[in-house]
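Have a look at the structure below, then the notes.
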Amino acid sequence: MSDAIRFLLGGDVHTVKDVNPTMTVLDYVRQTLGRTGAKEGCREGDCGACTMVLGELRNGRVQYRAVNTCILFLPALDGKELVTVESLSAGDGSLHPVQQAMVDKHGSQCGFCTPGIVMALYELYLNDRTPDLDTVNDALAGNLCRCTGYGPIIAAAQSMGTYTSNDAEPNGAALKDIQRDRPLTITHESADTEQTFHYVAPQTLTDLHDLLEKSPKATILAGGTDVGLWVTKRLKDLNSIIDVTRVRELKQIIESKRDLTIGAGVTYTDLFAAIQSLHPSFGELVRRLGSVQVRNSGTMGGNIANGSPIGDSMPALIALGATLIVSSKNGTRELPIEDFFIAYGEQDLRPGEILERIRIPKPSASDKISVYKISKRFDQDISAACLAVRATIRQGTVADIRIGVGGLAAIPKRAPATEHALRGAALADLDIETACRALRNEFDPISDMRASAEYRLKATQSCLYKAYLEWTGESQALGVIGRDHAHG
Amino acid sequence: MRMDSSANPKIRGGVRQALTHDSAAKHVSGGAIYIDDMPEERGLLHLAFGKSEIANGKIVSMDLSQVRSSPGVELVLTADDIPGKNDVSPIAGDDLLFADKELSFVGQSLFVVAARERDLALKAAQRAEIVYASGEPALTIARASERGSVLEDPQVMERGNAPAALQHASHRLAGKLCIGGQDHFYLEGQVCHAIPDEDGGVLVHSSTQNPSEVQEIIARVLSIPSHAVAVEVRRMGGGFGGKETQPALLAAAAALVAVKAKRPARFRLDRDDDMIMTGKRHDFEAAYDVAFDESGSLMAADITLSSRCGCSADLSLAVNDRAMFHSDNAYYIPDVRITSHRFKTNTVSNTAFRGFGGPQGMMVIERIMDEIAMYLELDPIEVRRANFYGKSPRDVTPYHQKVEENVIGQIVQELTTSSDYVHRRDEIKAYNSENAFTKKGIALTPVKFGISFTARHLNQAGALIHLYKDGSVYLNHGGTEMGQGLFIKVAQVVAEEFQIDIDKIKISSTTTDKVPNSSPTAASAGSDLNGMAARDAATTLKARLIAFAAEKYDCAADLISFNDNQVLIGNNAVPFERLVEEAYFERVSLSATGFYRTPKIHYDRDTHSGHPFYYFGYGAAVSEVIIDTLTGEHRVLRTDILHDVGKSLNPAIDLGQIEGGFVQGMGWLTTEELYWDDRGELMTHAPSTYKIPVCSDRPAVFNMALWSKGRNPEETIYRSKAVGEPPLMLAISVFSALTDAVASVGAHRKMPMLDAPATPERVLMAVEEMRSLAAEAS
C-alpha cells in the first residue's frame, strides 16, 4: 500500500501518487506542475536559485521557511504548504511587495537567480519587514547572484516593507486537515529501470527502531542537505529510505540546569537560539553554517552522523564535551562524540542503531569558549579548518581544557597533546608557543582545493593563539574580521 | 544629426531615462522564459556527454554497449556519426565535437547519449568502458614552457628601446606576479534546445552570446548550408564571455541528435560538467623590469606575460593581445616592450571572460605602480598621477594609438576628494600603528579600457524594424540579452528616434533568420553597435514617413518632425500611428534594416600597431580593506567608484553594470580559486568548492557615481560609452589595498609577494613573509 503525498498549493490540496520518493521538489514543480520560475543553478543546495518556501504547522501556527528544493525529496512536502514564486503575484498579475521592490530597485539583471532571491526575501518579509544590513546578508547568504553585486537586492530588501501587502492569512486549518497520524509510506516501481523504491517516514521512536531492525541497510534521511546530493550528484539510486524528520522524539530540545539535549532531527534553524544561549561564539558558528535554506533543512544530527571531517559543528561539540545518545530496539548507549568517529566515513553506529540525541554540557562561569572557522569565503562556505576550545580558567590557571579540531584529519578530533601542553598551566607564564607547536605536531592534514596543509596548520595555530589572547583579556587588541568590521 | 539629445520628458522611455530592465517584472514573478523553461515537446530527448577521464593520451578502445543498453537510452552518437566536420572551434579548427583519438583535457567530450529523461542520460554516460593510453600531461605554464608547447610564437609589442633605456635607469625594479583564472559562474549553465525541420535543417534555441557563430558551426558539423540552421536566443541567465564560443559544443551535439533522431533534443549541462567542460578566464604569470625617475615617472618597462590557454586556440590569441593592449592601463611608458607567450596546456581551453585579457594586463602595471611608490616612499596615488597619459609626446600607447581626450586625471582628482582619500590614508596609518593583529589598507586604481573588437570585421551590426499599421513597432537586432540591459537600451534609442513611448516597441529574441551574420555580443560593444544599427533602421523609416507626409500634407520636409507620439507636419500634429497607417495605404514600405560599422579603426597584428580602439572607457575606484594577520581573513570595508559612461543611455542599467562588474572582479581577485589536481582534474567545479562573492562580501559602504562630465568625444550612440567590461577592473583597487595592508606588517619596506586570488591563505603567507623580513631587519 503506497500513500499519496499531500500538500497545499495556492489554497488547494495537491495530491501526488506513485512517484519516485527521491524525485526532487524542484524537478516535480518544474516538470510536472509546469511552474518554471524556480531554477536549477547547481543541484547541490549552494546557489539558492531553486529556493521555495514551505509552510509548516507548528504549535497551531503556520511557520514559513525557505528551502533549497533542488536537493529536497518530494515526500518532504507532505502535510505542508508549498509557496513558489508564481504563488506570490496576485491573480491580476500585480506584484507582491518583495517583487515590486526588486523591480523598482533594479534588483534583477539576467534574472536567473531572481525567483530564488524573491523567495528568500519572502521568508525574510514574513519575519522582518525592516531588516538591517546584517539581517539581509544572513537572509541572502544562500543565494548567489553573478550580475548585480547585490546592492540593488539589498536596497529592495530594505524597502519591501514600504509597499502595501495583500498577503492572505496563513491557512492553518487546511494544513491541519492534511496532517497524518500514521507513517507516510511510499512504494514505487520505476518503469524505466524496473527498480523498486521504498520510503517510510515514522513518527515515533518506537516505529523508527522497528523499521531500523527490519531494514538495517536503509538510507537514513534527515534534512537531506547531504543525502540529497547522493541522488542529484552521485546519481545513486536510494532504494530504501527511512526519513527521520517526522519522528517526534528527535525534534525535541530539552534544557536542564546541567545540559542541553538536542534531538538529532532538530534543524539548525530551530536549535540556533539554544546554541546561541549556550555560547555566542558557537552561535556565530551556526549562523555561518551553510545558509538560511541549508539551516532550515539540515540537522545537527545529520551533520554528525554523516561523519564529515569538515562538518562545522563537531569541533565545538568536542570542545564542549558533548555526548551522543545512540539507540536501537535493544537499548540506548551514550558515548563521547569524539569516540563516535572511527575513521573517514566510518562511525560507531551499529546495524539497527540511530543517533537519537546530542547532549551538550553547559559551560560553567569559569569556562572560556572559543570557536573559530577558517574558510575562503566568510559566509556559506565549508571550513578549511575549524578549532574550538573550552578552557576552564580558575585562579589564573588553565584548570582543564578540551580542544576540538576539524579539517586537520580524516575525522573531527580532539587535540590531546595540545591539551596536555596547556592543562594546569598558569596564565601568567603560559607558553602558548609550545602549545601551538604541539598542535602542529599532532596533526598531519592534507592539501586540497580548500587549503594547503601548511595553511591549515598555521591558521589553527593562530586560532589557538587567539583563544589564549581571550583568556588573558587581550582579545580587545585582536579585532575580529567579521561582523564588527563589516560596517567600517 | 542630433547626437546630444537629453532626456525628452514628453515620451516614456527615451534615452537617458533610468528605466528598469525590460524583463524585470517577468524576472521577479517567474514569468521570464529561459531555454530549460520551454515546454517539453512529445518525444523530447535529453542529452549527456561522455567525457575523457585523462588529460593527455589516446583512446585505445571505447565500448559503448552498456551505454546503449542503459534504461531510457534512445541514441548514442560518436565522432563516426558526424556527417560534416568534427570541429566546433570559432577560428582555428582545433576544437572537436567528439574526441576520437587524441585526448587533450579531463572532461573532453567523447560521445553524446540521448535518453528519455535527463538523469537516465547522465547515468548511461557513466557506463562507457574506455581503455586509455595515458600520456604525461602539461598542466601548468611552467610545464608547457619546458616542452615548448605553444599556440603561436611569442608576440612582441614594442615602442622605443626598453632594454637600452633600462640599462641607463637611475631607479630600476623587477618583479613577478601570478594571476589566477576565473570561472564565469553564470547562474544559468550552458543549455540549448534543438528542433529538427522537415528539410534536414534545424532550429536551435541556444543560450549564446553568438548566435551566428553557433549557426555556422552547426552547419559545418551537419554539412548543410547556414540557411538551413536558425539559432534563436531570447535571453541568457548570464554570459560574461562564457557564452561567446562555448555554446557551440552543446548546440552542435543537440542539432546532430535532433537531425539524426528526427526528434527535439534538449541539452543542459549539470553545473559540475559546465565548470569542468567549458573554458574560463586565462591565468597569467607576469614578470616585469621597469625604470623610473625620482618622481616615480616610468622611463621604461619590459613586461613579459605568459598565459595558460588550455588545449586549443579558441579566442586565446585575441585575449592575449588584449592583455598586451592593457599592460599600460592609463600610463604613458616612454620606452616599452611587452612580450606575450601563449602556452598550450592539457586543460580545458580558456576563453573570453569580461575584460578579455585586459584585467590581467592591467594587474601587472598596477602592481608596478604600487612597487615604485613603496620604493620611493611616495603615496601610490602620486606615482599613478605622475604616469598618466598627457599631452604629446606623452599620449602614445605601446601600440602607437594616441590617447585623445584623456579624462583619467579629472576622474581621479574628483574621486580623491569625494572619497576623502588623503585623510583616510592618515587614519589607516594611525590604525595600523595602534593595532597589532588587524591591519588596514587603501588603494586607488584607475581604469582605461579600449573599446572595439580588435578583430576589425566584428565591429559591425545589423537591425530590423517593422512598423505595423496600428503604429506598434517591432524591433530586432543582432545583439543578445544576457542581463546587461542591451534590449532596453536599444529600445530606448528607437523610442527616442521615433519620439514614441517605449511601450509601443516590441523587444524580440535575437535570431539568425531576422538579422544575419551578427557579431557576438561582446567587447562591451553591444549598445554601441546595435544601438547605432537600430537607429539607422529608424532613420530610414523616418525618412520614408517624412517624404510621404511632405507629399500628402504638402509641407516642406524640413518642417516635419517627430514629437511626443506625434508627427508635426507644419502646423499640423498627426498621431504617429495615424501617419503610419496613412503611409501603408499609400504603399510605403514600413520595414527597414539598419547597419553600422565602427569608423576609424585599423590594426596591423604583424607589428602590433595601429588604431584598434574607437575610444577608451575610463573609471577609478578607491577601496579600503582590513586583514587579520593571524589567519589572513579579510574584508572590503568601503569602496568608492567614479566611472565614465559618456552620456548614459540608461543610468540605472549602467550603475548596475558598474557594481556588478566590480563585485565580479573582486571575486576574481579574492575568493575565486580554481584548483586542478596533478592529474589535471578540476577540483573546484561547483559552488560548494568555488566561491563567488555572496551578499555579505559586498563592501558595506559602497559609493558609486557616474562621472557627471562624461561625454563620448566620438559620435557613438547618443554620446554614450560602453560599460560592460571596464568596471570589472575597478576591483584591482581591492587587490592593491590588500597588498597595502600586508605591506604595513613590514612597515612598507618591501613589496609583499601576494598573488591573485588573494585568498586568506595567500594573505597569511604574504604576512608571514613580511614578519620574517621584519624579524631579520631588527
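The values are calculated or read from the model by the stated rules, or taken from the named source; none is laboratory data. Remember, it's a predicted structure, so these values are computed and weren't measured experimentally. Glycine gets a Cβ as well: all are built from the backbone with ideal geometry, and neighbour counts include every protein chain shown. Accessible surface areas use protein heavy atoms only, side chains included; no ligands, DNA or RNA. Shrake-Rupley method; radii C 1.70, N 1.55, O 1.52, S 1.80 Å.
What the table below lists for this structure:
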{"item": "Chain lengthening between A:N59 and A:A173 when straightened (0.36 nm per residue, less Cα-Cα)", "result": "39.8 nm"}
{"item": "B:V231 accessible area, assembled protein chains, probe 1.4 Å, Å²", "result": "0"}
{"item": "Solvent accessible area, Å² - B:D379, 1.4 Å probe, full protein context", "result": "40"}
{"item": "Difference of contour (0.36 nm per residue) and Cα-Cα distance, B:H400 to B:F595", "result": "67.3 nm"}
{"item": "Computed lengthening from B:Q413 to B:M62, 0.36 nm per intervening residue step minus Cα-Cα distance", "result": "119.9 nm"}
{"item": "Distance (nanometres) between label positions extended 7 Å along Cα→Cβ at A:Q31 and B:S145", "result": "5.0"}
{"item": "Which of B:F487, B:F240 is most accessible, then next, and so on - probe 1.4 Å", "result": "B:F240, B:F487"}
{"item": "Radius of gyration and Dmax over the Cα atoms of segment A:65-133, both given in Å", "result": "13.2, 37"}
{"item": "Volume per residue of the C-alpha convex hull in segment A:326-475, rounded to whole Å³", "result": "135"}
{"item": "Rounded to the nearest 10 Å², the accessible area of B:W676 at probe 1.4 Å", "result": "50"}
{"item": "Shielding by partners - mean other protein chain Cβ count within 10 Å, residues of A:377-383", "result": "6"}
{"item": "Largest-first principal axis extents, alpha carbons of segment B:449-558, Å", "result": "49, 27, 26"}
{"item": "Kirkwood-type radius of chain A, with distances r between different C-alpha atoms, in Å", "result": "23.8"}
{"item": "Rough spin-label spacing in nm, given labels placed 7 Å along Cα→Cβ, for B:K176 and A:T193", "result": "4.9"}
{"item": "Expected 222 nm ellipticity per residue - DSSP helices of 4 or more, -39500 (n - 2.57), all of chain A, to 500", "result": "-8000 deg cm²/dmol"}
{"item": "Segment B:502-558 - percent of accessible surface contributed by carbon and sulfur, probe 1.4 Å", "result": "48"}
{"item": "Calculated log₁₀ intensity ratio I(q)/I(0) where the Debye formula runs over C-alpha points of segment B:162-223, q = 0.18, 0.27, 0.30 Å⁻¹", "result": "-0.82, -1.17, -1.27"}
{"item": "List of segment B:692-730 residues, accessible area with partners at least 40 Å² below that of the chain alone (1.4 Å probe)", "result": "B:I692, B:V694, B:C695, B:S696, B:R698, B:A700"}
{"item": "Sequence of B:K51, A:K458, B:K85 when ordered by accessible area, the most exposed leading, probe 1.4 angstrom", "result": "B:K85, B:K51, A:K458"}
{"item": "Mean accessible surface per residue for segment B:402-521, computed with a 1.4 Å probe while every protein chain stays in place, in Å²", "result": "34"}
{"item": "Hull-based mean projected area of the protein assembly as shown, where the convex hull spans the alpha carbons, in square nanometres", "result": "48.9"}
{"item": "Stokes-Einstein D (µm²/s) once Rh is taken as the Kirkwood radius of segment B:202-345 over alpha-carbon pairs, at 20 °C in 1.002 mPa s", "result": "119"}
{"item": "Segment A:3-83 shape via C-alpha gyration tensor axes, a/c threshold 1.5", "result": "oblate"}
{"item": "Debye, to nearest 20: dipole size of segment B:193-310, +1 on Lys, Arg Cβ, -1 on Asp, Glu Cβ", "result": "900"}
{"item": "Inter-chain Cβ neighbour average for residues A:460-469, partner chain, 10 Å", "result": "2"}
{"item": "Ratio of the Cα radius of gyration of segment A:180-234 to 2.2 N^0.38 Å, where N counts its residues", "result": "1.28"}
{"item": "Descending semi-axes in whole angstrom, ellipsoid equivalent of segment B:731-778, from the Cα gyration tensor", "result": "19, 11, 6"}
{"item": "Surface accessible to a 1.4 Å probe, per residue, for the residues of segment B:629-750, Å²", "result": "22"}
{"item": "Helix-derived mean residue ellipticity, 222 nm - over chain B, DSSP H n ≥ 4, -39500 (n - 2.57), to 500", "result": "-9000 deg cm²/dmol"}
{"item": "Largest-first ordering by accessible area, 1.4 Å probe, given options B:S312, A:S281, B:S170", "result": "B:S170, A:S281, B:S312"}
{"item": "Segment A:98-170, dipole about Cα centre (Lys/Arg Cβ +1, Asp/Glu Cβ -1), debye to the nearest 20", "result": "340"}
{"item": "Square roots of five times the Cα gyration tensor eigenvalues for segment A:401-445, Å", "result": "21, 11, 6"}
{"item": "Inter-site label distance for B:K262 and B:Y474 at 7 Å from Cα along Cβ, in nm", "result": "3.1"}
{"item": "Calculated P(r) of segment B:641-778 - Cα pairs past 25 Å, %", "result": "45"}
{"item": "Distance histogram in 5 Å bins (all Cα pairs of segment A:405-477, percent per bin)", "result": "3, 16, 26, 24, 16, 10, 4, 1"}
{"item": "Burial ranking of peptide ranges B:194-203, A:44-53 (average Cβ count within 10 Å, highest at the top)", "result": "A:44-53, B:194-203"}
{"item": "9 Å beta-carbon shell around B:G746, net charge (K/R +1, D/E -1)", "result": "+2"}
{"item": "Debye log10 I(q)/I(0) at q = 0.11, 0.14, 0.16 Å⁻¹ for segment B:522-627, Cα point scatterers", "result": "-0.58, -0.72, -0.81"}
{"item": "Förster radius 41 Å - calculated FRET efficiency between B:E40 and A:T162 (Cβ-Cβ, nearest 0.05)", "result": "0.50"}
{"item": "Total charge dipole magnitude, segment A:341-404, about the Cα centre, Cβ charges on Lys, Arg, Asp, Glu only, Debye to nearest 20", "result": "300"}
{"item": "At q = 0.17, 0.22 Å⁻¹, base-10 log of I(q)/I(0) for segment A:165-276 (Debye sum, equal scatterers on each alpha carbon)", "result": "-1.01, -1.24"}
{"item": "Chain B - convex hull of the alpha-carbon atoms, volume per residue in Å³", "result": "163"}
{"item": "Fraction of alpha-carbon pairs over 23 Å apart in segment B:160-273 - percent", "result": "42"}
{"item": "Shielding of B:655-668 by partner chains, average beta-carbon count, 10 Å", "result": "4"}
